[in-house]
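The values are calculated or read from the model by the stated rules, or taken from the named source; none is laboratory data. The structure presented is a predicted model; accordingly, all values stated were derived computationally and were not measured. Don't worry about glycine lacking a Cβ; one is built from the backbone with ideal geometry, like all the others, and counts go over all protein chains shown.
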Amino acid sequence: MAEDVFKALADSTRRHILDELVERDGQTLFEICARLVTKHGVGLTRQAISQHLAVLEGAELIRTRRQGRYKFHHLNTEPLERIATRWLRREATGGTP
């Protein structure tokens, strides 16, 4: 699971998508594409962005919700929290692996 998270975070476009969802959660594909072009100069096709969203969803970094014909993308920080907690807990308790 952690491998999927690290793989998803390795790509700058996916990090930009997460940044945009931090700023404004619950965006459609069209909104994400527009914000990526406007704010980050990322001019990929909607299909390419959809593939990035699929990787993020596979790593559980985003969740989707359908409402009518629209699909809304929401940030899910739980996988990041699990990874951070894994190392922070050991440091805080002075434990070793």
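The set of residues in the stretch 10-24 being in contact (Cβ under 8 Å) with a residue 40 or more places away in the chain and out of contact with any Leu (no Cβ under 8 Å at 6 or more places or on another chain) consists of Asp11 alone.
Exactly one residue among Val55, Val42, Val5 is surrounded by 13 or more Cβ atoms within 10 Å (Cβ to Cβ), among the hydrophobic types (A, V, I, L, M, F, W, C) and either assigned to a loop (DSSP other than H, G, I, E, B) or in contact with a Phe, Trp or Tyr (Cβ under 8 Å, 6 or more places away or on another chain) (or both), and that residue is Val42.
Quick check on this structure: which one of Gln51, Gln67 is over 14 Å from Thr13 (Cα atoms) and either under 15 Å from the mean Cα position of the chain (by Cα) or at pLDDT 95 or above (or both)?
Numbers: Gln51 fails: over 14 Å from Thr13 (Cα atoms).
That would be Gln67, the only listed residue that is over 14 Å from Thr13 (Cα atoms) and either under 15 Å from the mean Cα position of the chain (by Cα) or at pLDDT 95 or above (or both).
Across the stretch 8-39, what is the total count of residues that are among the hydrophobic types (A, V, I, L, M, F, W, C), closer than 21 Å to Glu78 by Cα and not in a loop (DSSP other than H, G, I, E, B)? Give the derivation first.
Pass one, the stretch 8-39, residues among the hydrophobic types (A, V, I, L, M, F, W, C): 8-10, 17-18, 21-22, 29-30, 32-34, 36-37.
With closer than 21 Å to Glu78 by Cα added as a condition, the list becomes 8-10, 17-18, 21-22.
When the remaining residues are screened for being not in a loop (DSSP other than H, G, I, E, B), the result is 8-9, 17-18, 21-22.
The total comes to 6.
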